[in-house]
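Below is one structure, written out as C-alpha cells; the observations come after it.
Only the coordinates and a few stated rules stand behind these numbers; no lab work does. Small disclaimer: the values here were computed from a predicted structure and weren't measured. Cβ coordinates were reconstructed from backbone atoms using ideal geometry, including for glycine residues, and neighbour counts include every protein chain displayed.
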Amino acid sequence: MPISEKFVDKSITELHVLAQLEKDVGIEVLAKLIKLFIDELVTMRDQIKTAIDNEDTVKVKEITHVLKNSAALYGAAPLAALATQLHDSPPATTSENIHLALIIQHNLDKTRDAYQVIINNIAI
C-alpha cells in the first residue's frame, strides 16, 4: 500500500477507509481525491468561521450536514462524529451551538493538517 502507516494519524484518520478507497480507485485517483478533500476542509473552515462570527446557527447546520458525510467518506471519523452530533442533535442555545462549532473549526484544522501529511507522503 503506497500510504505508509507512519504518516497516518490514527487519532484522526481511519486507515482502512483510505485503503478501501485506494483499492476502489487506485493510488493516483486517491491522491487527487485527498487533495480535493483538503481544499474542501479549507473552504468549510472559512465558512464555519464566518458562521461562528455571525452566530449563524442555520449556516453551521448547513456546513455540518455536508461535513459529516464528506469526513466519513475519507475516514476522518472524529470530525465526522462531531459534525454529525452538531447537525443531528444541535444544542438548545445559540451559545452552546457556537461553542460546538468552535470545536469543529479546531478539528477541521487538525484534520486538514493530518491529511496534508498523508498527501505529502503518498508514494505514487
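Quick notes on this structure:
- Per residue, the chain reaches -26000 deg cm²/dmol at 222 nm when only DSSP H runs of four or more residues are counted, each adding -39500 (n - 2.57).
- Under the simplified labelling scheme, the Asp109-Val42 pair shows an inter-label distance of 1.6 nm, with each label point 7 Å from Cα along Cα→Cβ.
- Leading residue at positive end of dipole, the chain (Cβ point charges), from Val25, Ile52, Phe37: Val25
- Of the DSSP H helices in the chain, those whose Cα atoms cover at least 27 Å axially and whose Kyte score averages -0.5 or more: 27-53, 94-120
- Every Cα-Cα pair in the range 5-119 was counted, and those over 23 Å apart are 27% of them.
- Backbone N atoms of the range 89-123 closer than 19 Å to the 7 Å Cα→Cβ label point of Lys6 belong to residues 114-123.
- Net charge over other residues, Cβ less than 14 angstrom from the Cβ of Ala19 (K, R count +1; D, E count -1): -2
- Under the convention that each Lys and Arg Cβ holds +1 and each Asp and Glu Cβ holds -1, the size of the dipole of the chain around its Cα centre is about 180 debye.
- The chain, relative contact order [Cα under 8 Å, separation at least 6], %: 41
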